[in-house]
Structures are given as structure tokens and as C-alpha cells.
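Enquirer: Please find one structure pasted underneath; my questions will follow.
The values are calculated or read from the model by the stated rules, or taken from the named source; none is laboratory data. Quantities reported herein were computed from a predicted structural model and do not represent experimental measurements. When we count neighbours, we look across all protein chains shown, and the Cβ atoms used for this are built from the backbone with ideal geometry, even at glycine.
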Amino acid sequence: MLQVGDFRIHMINESVIKVDPGGAFGLVPRVLWSPLMPPDENHLVPMIHNCLLVQAGDRNILVDTGHGDKLGDKQKRFMALQRPYGTMTDALARLGLTANDIHLVIDTHLHGDHAGGNTRYDESGKIVAAFPNAEYVVQRREYEDAMKPNERTRATYLPVNYQPLVESGQMRLLDGDTEVVSGIFGHVTPGHTPAHMSIRFESNGEQALFVCDMASYAIHFERLGWMTGYDVEPLVTLETKRYWQQWALETGALLIFAHDPQRAAGHYMKDADGKASVIPVNEPFV
């Protein structure tokens, strides 16, 4: 468990997939990234799907929901999807919780690997909220983009993951930076998508940031020119990271990454020579 002031933050590795390095590293040459993230025999690299269960007083808050359980076998095989820690339900059970105990779901954005677990099929095959007692929140611009996908984005923007929640009134749309609940802030960090959010926690003088896909791996945060091939506005990503790099140095905040199998959390710090890097915090998943 990560303790940030009064917030208790549990990292949940909802799933692990294998991806083409062209997606994970974009234009970065193989000779540079491969020593840091060695590919497997099929020339693929791993991505975890780190979601957060945040306990704030008596409230249980979930940040992102992963792939969920609506994927077909063909999709799972294509991604080589594995669940070494079990499902989201399993992780919640290890914390003594069920889906009914979640009060709030914060979607950083609506890509299928972050919002797929928002909904599920019930016994009759109907799509229902996976967390029936929760309010869901996401940026309004993100929802609008997700409802009008193009040839680049339609494979990951799947209305079944969010449209029913908006129509039922269970999902609230945010307009810009928002203090979602006391001490938990959704900051628009554009680049990956125009309305992508990173989530900041502030309590008792301590801070943390769920970086999410502003920087999928810690190395993406360290190196401004490195970003994924999935970013729709890569040069915007670069400038977004420039701002948050400086913020991380000034605050000493804990950084939590969504997809890094090696450094899921750490602090961005300078060494004696002035070189900054993410120093990992070896905290286990739930």
C-alpha cells in the first residue's frame, strides 16, 4: 500500500499484455529502447494495466478499470492478455471489498484498456455498470471525442464502455481541471488524447500523481522526446511532460505509472551530477 497523507492507495495490476514496440516507443530507435525494455522472442514488449483503489476515509475510489471482462477469446489471444494477479474482482476481494463497495470511478480517459471494466454483461446479456453504486467521472471533451472516433481511434473507443453510463446519469462529465473530491484532482494532461487526465493526490503536505498515459513507462517521463506511437498529439505530450517534470522535481511527489512492468511507482529526482531519473518504489500490487 502507498500512503499519501490520509490517502491509502493500492495498486491493482488488472492485466498484462504484449504490444509491438512501435506502439510502446513510437519513433525511438530500437537500439535505444531495447536495453531498457528487452523484447521477447516474438519481438513484443510487456505493458501492465495498473489501476488504483484509493481509500479516503470511508470512501473507496477506483481510478481506471482496465480491460474488464467483456473481451472475446480472439481479442485476448491477439493481446496475449494474462492476469497474473487475477481479476479486478479478485483484487477487491483481497482488500475485503466487492464491486458494490466502490463509491467513485475516475476514468483518466476512455480507451478500452482503461475504461473496459466500467461495464459488464449481466446474466441476461445486458450491459450494466460494473460498479452499481458508484458515480463515474471523465472529461466532457474525452467523452465527445470517444463518441465520434475516427479511423485512428475507433478500435479503442468502444461506446459500450461508457455511453450507457452517461445515458443513465451515472457518469458525470467534467469541464477542465477539477477537484473531484477533497484532495483528489483531475488535471487535463493532453497529448495522448486531447482531454486525457492525470490524477493528483494531496494530503497533509504530501503529493502523488497517477501519471497514466502522459507517460506510459517511467522512461517516457524521464525523456521528453520519448512518447508512445499511441499519442494522437505527440508534440503536445512533450510540452505536457515538460511542465510535470518540473512539478515533480519541486514537490518530490510520488509518481505512479499505468503501464510500466519495471517501475510502477517512484520519485523523479536528480543525482549528484544533476541528472534526473525516476527512482523506483518497490511496492507490491494488491
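Enquirer: Where residues in region 191-213 are without any contact (Cβ under 8 Å) to a residue 60 or more places away in the chain and more than 20 Å from Gln3 (Cβ to Cβ), which of them is surrounded by the fewest Cβ atoms within 10 Å (Cβ to Cβ)?
Expert: The residue in question is Pro194.
Enquirer: Provide a single number: the residues in region 138-157 that are part of a loop (DSSP other than H, G, I, E, B) and either touching a Cys at 6+ places or on another chain (Cβ under 7 Å) or of a type in the set (Phe, Trp, Tyr) (or both).
Expert: 1
Enquirer: If we keep just the residues of region 148-170 that are closer than 20 Å to Lys70 by Cα and touching a residue at least 60 places away in the same chain (Cβ under 8 Å), which is nearest to the chain's Cα centre (by Cα)?
Expert: The residue in question is Asn161.
Enquirer: Ala276 passes all but one of (1) under 23 Å from Trp33 (Cβ atoms); (2) touching a residue at least 60 places away in the same chain (Cβ under 8 Å); which number fails?
Expert: (2)
Enquirer: Take Thr178 and decide whether it is touching a strand residue (DSSP E or B) at 6+ places or on another chain (Cβ under 6 Å), under 25 Å from Ala130 (Cα atoms) and either surrounded by fewer than 23 Cβ atoms within 10 Å (Cβ to Cβ) or modelled with pLDDT under 95 (or both).
Expert: yes
Enquirer: Can you tell me which of Val4, Val28, Val16, Val54 is crowded, with 17+ Cβ neighbours inside 10 Å, in contact with an Asp or Glu (Cβ under 6 Å, 6 or more places away or on another chain) and in contact (Cβ under 8 Å) with a residue 60 or more places away in the chain? Walk me through how you get there before you give the answer.
Expert: On the way: Val28 fails: in contact with an Asp or Glu (Cβ under 6 Å, 6 or more places away or on another chain); Val16 fails: in contact with an Asp or Glu (Cβ under 6 Å, 6 or more places away or on another chain); Val54 fails: in contact with an Asp or Glu (Cβ under 6 Å, 6 or more places away or on another chain).
Of the residues listed, the single one that is crowded, with 17+ Cβ neighbours inside 10 Å, in contact with an Asp or Glu (Cβ under 6 Å, 6 or more places away or on another chain) and in contact (Cβ under 8 Å) with a residue 60 or more places away in the chain is Val4.
Enquirer: So which residues in region 62-103 are aliphatic (A, V, I, L, M) and more than 24 Å from Ala218 (Cβ to Cβ), if there are any at all? Write out each step before concluding.
Expert: From region 62-103, those aliphatic (A, V, I, L, M) are 62-63, 71, 79-81, 88, 91-93, 95, 97, 99, 102; that's our starting set.
Leu71, Leu92, Ala93, Leu95, Leu97, Ala99, Ile102, listed by residue number.
Enquirer: Here is a follow-up. Please give the number of the condition Phe221 fails out of (1) of a type outside the set (Lys, Arg); (2) exposed (fewer than 15 other Cβ atoms within 10 Å of the Cβ); (3) out of contact with any His (no Cβ under 7 Å at 6 or more places or on another chain).
Expert: For Phe221, the exception is condition (2).
Enquirer: Filter region 51-104 for residues that are in contact with a Cys (Cβ under 8 Å, 6 or more places away or on another chain) and part of a loop (DSSP other than H, G, I, E, B); which is nearest to Gly183 (Cα to Cα)?
Expert: Asp64
Enquirer: Outside any loop (DSSP other than H, G, I, E, B), in contact (Cβ under 8 Å) with a residue 24 or more places away in the chain and hydroxyl-bearing (Ser, Thr, Tyr), is that true of Ser216?
Expert: Taking the combined requirement at face value, the residue does not satisfy it.
Enquirer: Could you pull out the residue among Val232, Val188 that is surrounded by 19 or more Cβ atoms within 10 Å (Cβ to Cβ) and aliphatic (A, V, I, L, M)?
Expert: Working: Val232 fails: surrounded by 19 or more Cβ atoms within 10 Å (Cβ to Cβ).
After applying the criteria, what remains is Val188.
Enquirer: Another question about this same structure. Could you list all residues from region 31-43 that are touching a residue at least 40 places away in the same chain (Cβ under 8 Å) and either in contact with a strand residue (DSSP E or B) (Cβ under 6 Å, 6 or more places away or on another chain) or more than 14 Å from Asp260 (Cα to Cα) (or both)?
Expert: Residues of region 31-43 touching a residue at least 40 places away in the same chain (Cβ under 8 Å): 33, 36-37.
Answer for region 31-43, where residues must be touching a residue at least 40 places away in the same chain (Cβ under 8 Å) and either in contact with a strand residue (DSSP E or B) (Cβ under 6 Å, 6 or more places away or on another chain) or more than 14 Å from Asp260 (Cα to Cα) (or both): just Met37.
Enquirer: From Val160, Val166, which residue is closer than 20 Å to Gln75 by Cβ and either small (Gly, Ala, Ser) or not in a loop (DSSP other than H, G, I, E, B) (or both)?
Expert: Working: Val166 fails: closer than 20 Å to Gln75 by Cβ.
Being closer than 20 Å to Gln75 by Cβ and either small (Gly, Ala, Ser) or not in a loop (DSSP other than H, G, I, E, B) (or both) holds for just one of Val160, Val166, which is Val160.
Enquirer: Turning to a different aspect of this structure: State which residue is surrounded by the most Cβ atoms within 10 Å (Cβ to Cβ) when the search covers only region 143-171 and only residues that are small (Gly, Ala, Ser) and over 17 Å from Ala129 (Cα atoms).
Expert: Checked region 143-171; the qualifying residue surrounded by the most Cβ atoms within 10 Å (Cβ to Cβ) is Ala146.
Enquirer: Has region 254-266 got any residue that is within 24 Å of Trp33 (Cα to Cα), modelled with pLDDT of 95 or more and assigned to a helix (DSSP H, G or I)?
Expert: No, region 254-266 has no match at all.
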